[in-house]
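Report on the following structure.
The values are calculated or read from the model by the stated rules, or taken from the named source; none is laboratory data. Since the model is a prediction, treat every value here as computed from it, not as a measurement. Methodologically, a virtual Cβ is constructed for each residue, glycine included, from the backbone with ideal geometry; neighbour enumeration extends over all protein chains shown.
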Amino acid sequence: MATLDPRIAKVTDRIIEKSKPTRSAYLQLMKDEGERGIDRKRLSCGNFAHGFAAAGDDKKAIRTFSGPNIGIVTAFNDMLSAHAPYYRYPEQMKVWAREAGATAQVAGGVPAMCDGVTQGQAGMDLSLFSRDTIALGTAVALSHGMFEGIAMLGICDKIVPGLLIGALRFGHLPAILVPAGPMPSGLANKEKQRVRQLYAEGKATKEELLAAESASYHGQGTCTFYGTANSNQMMMELMGLHIPGAAFANPGTKLRQMLTRAATHRIAELARDKKRPLAEVIDERAIVNAAVGLMATGGSTNHAIHIPAIARAAGIVFDWDDLAEISHAVPLIARVYPNGSGDVNDFHHAGGMAFTAHTLLEAGLLHDDILAAGHDDFLAFATNPVESDDGIEWQAVTDTSNDTMLRPASDPFQPDGGMRLVEGNLGRACFKTSAVDKERWTIEAPCRIFHDQKDVVAAFEAGELDKDVVVVVRFQGPRANGMPELHKLTPPLGVLQDRGHKVALVTDGRMSGASGKVPAAIHLSPEARGGGPIAHLRDGDVVRLCATNGTLEAVGVDLASRDASQAPPPPVGTGRELFALFRDQADEAEKGGSAMLAAMEAVL
């Protein structure tokens, strides 16, 4: 393959250098855990008997150490389309583990919440911290010491990062992620967006809106737009944590079942041979590969929070400067809704992850020497699995079948990636350029201040925003209210933009992988709670946002001379008061917006 691009090599080397103390400490801890930590052979007879008492047909094999025992951590629930397919996975995986001379047990379950269900509701305030909860649940599940390998069943927004963060505390064990795939395509995303905007303008009824949404989200599997869930799957492929090509096969198909069987056999092999532990698989190169894929495909802005958090759990220091440099080096090669018209199924059929890996490797933009869990050779991730008489056959994909959606790195949609760092006297924030027309990359207008996205919608409906405006929604960061996605803002701000106004959003909250065509500076750090510069803005202050120059500033305003606005009272109801500790101790978005990781580092 091609020599690694010197810009990618430079960022990787910098990450390695600044991570030396923490990475070394992490790897030493994992070495100690492997040598002296809890495992089946170190359990007392009483402990051990409890661990296999309910193992049924596998009891003898577990008791006599006849093969490795795989711990399954599952995010199954049957309310959410993406996780409903996991219902039968554990019992199937137990059969497939026996085929490979191993056993498998469900170590534990973790919550899987859907931002689509909680969007704009009180429950969304729990969303970011559900990642920490999932990590803690994963650690509890694996703490029994009964396992030689880990299989993680999870696919959506906070679930995959949470599973990884938790599993990395058991990084002396090999681990693999088992996806379930996207639902088949339903109503075209452009039509869904059209109905949403009509409803925002009062030109469509609630019944018409519900009919459109139901035709879009209609069956088992992840949502088909390229949001955080599907960006997760892209990243897991390029980090080598899947069976190659597992990301986007639909649920309920024979190929999906065959891929899950292959994943079970693979983790049994890794566990038996005690090779490719998770701590070594997720290294600095794998983290860079994830970021390269994110930029190349215009993936979810949520990963500007999740990648630093996953890295941090592995003792790796990764920040938005690293992300920005990678973005400048990596061309945008995919346009998947909301950055294009086709969905992830169309992306998959155009060449999908196989072609993405192929063209990025050919351009020297990926590390091809990472220690992948899903295959002994990372180059296998440039192949696509297809059914054959003998099982799965992996075929090389060297070209795109739809260059309106997926292009080679030599002929990209944009010369750089889909996200930029903007900074200035208001702090540091992320701007997803891949979804925004270039003529809107620079917006300068008076601002209007809000502390709740519902108030923005109300002002829009009252006609108060029908002008050039920078909408500032503050006290939305991790410490204020858990950093909910502000997805309800997309339709009204899109309407204002379509009316010819210069419109932008500036917030210390999130906008998610569904961030659309309106320019937005999101994840602003430091956040308003605690006195970040955004807390000093006033209605009418002129704000300039420019992705071209990477600036975000209040023009001609001495922010330091003003008192900060008072924070709203902490949220209560819908269980939000239970997460007060998480909010109070959370660190900034650029570090991952986690209370748990900050506390963990203090202990270590």
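Is it the case that D157 is part of a helix (DSSP H, G or I) and among the acidic types (D, E)?
In short, no.
Looking at (1) more than 21 Å from D541 (Cα to Cα); (2) surrounded by fewer than 23 Cβ atoms within 10 Å (Cβ to Cβ), find the lone condition where P484 falls short.
If we test P484 against (1) more than 21 Å from D541 (Cα to Cα); (2) surrounded by fewer than 23 Cβ atoms within 10 Å (Cβ to Cβ), just (2) comes out false.
In the stretch 12-46, which residues are part of a helix (DSSP H, G or I) and free of Cβ contacts under 8 Å to residues at least 40 places away in the same chain? Quick ask: steps written out before the conclusion?
Initial filter on the stretch 12-46 (part of a helix (DSSP H, G or I)): 12-36, 40-42, 45-46.
D13, E17, K20, P21, Q28, D32, E35, R36, K41, C45, G46, listed by residue number.
What's the number of the condition L255 fails, among (1) assigned to a helix (DSSP H, G or I); (2) crowded, with 21+ Cβ neighbours inside 10 Å; (3) in the same structural domain as A84 (by TED's automatic domain parsing); (4) not hydroxyl-bearing (S, T, Y)?
(2)
Looking at the stretch 422-533, what helices (runs of 4 or more DSSP H) fall wholly within it and have at least 2 residues that are touching a Leu at 6+ places or on another chain (Cβ under 8 Å) and within 27 Å of Q566 (Cβ to Cβ)?
The qualifying helices (runs of 4 or more DSSP H) are 453-461, 490-498.
Filter the stretch 327-348 down to the residues that are of a type in the set (A, V, I, L, M, F, W, C) and either at positive phi or surrounded by fewer than 24 Cβ atoms within 10 Å (Cβ to Cβ) (or both) and list them by number.
Initial filter on the stretch 327-348 (of a type in the set (A, V, I, L, M, F, W, C)): 329-330, 332-334, 336, 344, 347.
The answer is A329, L332.
Tell me, please, whether a residue that is among the aliphatic types (A, V, I, L, M) and either closer than 24 Å to G298 by Cα or assigned by TED's automatic domain parsing to the domain that holds N232 (or both) can be found in the stretch 583-593.
Filtering the stretch 583-593 down to residues among the aliphatic types (A, V, I, L, M) leaves 586, 589.
This time we only want the ones that are either closer than 24 Å to G298 by Cα or assigned by TED's automatic domain parsing to the domain that holds N232 (or both), so: 589.
Looking through the stretch 583-593, at least one residue is among the aliphatic types (A, V, I, L, M) and either closer than 24 Å to G298 by Cα or assigned by TED's automatic domain parsing to the domain that holds N232 (or both).
Being surrounded by 15 or more Cβ atoms within 10 Å (Cβ to Cβ) and among the hydrophobic types (A, V, I, L, M, F, W, C) is the filter here, so list the residues in the stretch 23-35 that pass it.
L27, L29, M30
Give all pairs with beta carbons closer than 8 Å in which a residue from the stretch 287-306 that is without any contact (Cβ under 8 Å) to a residue 12 or more places away in the chain and among the charged types (D, E, K, R) meets a residue that is surrounded by 24 or more Cβ atoms within 10 Å (Cβ to Cβ) and part of a loop (DSSP other than H, G, I, E, B); count only pairs at least 6 apart in sequence or on separate chains.
Listed by first residue and then by second, the contacts come to nothing, as the list is empty.
Considering only the stretch 169-185, state which residues are assigned to a loop (DSSP other than H, G, I, E, B) and surrounded by 20 or more Cβ atoms within 10 Å (Cβ to Cβ). It would help to see each step written out before you state the result.
Initial filter on the stretch 169-185 (assigned to a loop (DSSP other than H, G, I, E, B)): 171-174, 179-181, 183-185.
If the condition is that a residue be assigned to a loop (DSSP other than H, G, I, E, B) and surrounded by 20 or more Cβ atoms within 10 Å (Cβ to Cβ), then G171, H172, L173, P174, P179, A180, G181, M183 are the ones that fit.
Regarding I38, is this residue at pLDDT below 95 and either more than 24 Å from P174 (Cβ to Cβ) or surrounded by 14 or more Cβ atoms within 10 Å (Cβ to Cβ) (or both)? Show your work before the answer.
Working: at pLDDT below 95: yes; either more than 24 Å from P174 (Cβ to Cβ) or surrounded by 14 or more Cβ atoms within 10 Å (Cβ to Cβ) (or both): yes.
Criteria met by I38.
Which of the residues spanning the stretch 81-117 are under 17 Å from the mean Cα position of the chain (by Cα), surrounded by fewer than 24 Cβ atoms within 10 Å (Cβ to Cβ) and either in contact (Cβ under 8 Å) with a residue 60 or more places away in the chain or assigned to a helix (DSSP H, G or I) (or both)?
Correct list: G116 only.
Residue under question is K20, and the condition is that it be loosely packed, with under 14 Cβ neighbours inside 10 Å and under 30 Å from E362 (Cβ atoms); does it hold? Before you say what the answer is, go through the steps one by one.
Numbers: loosely packed, with under 14 Cβ neighbours inside 10 Å: yes; under 30 Å from E362 (Cβ atoms): no.
No, not satisfied.
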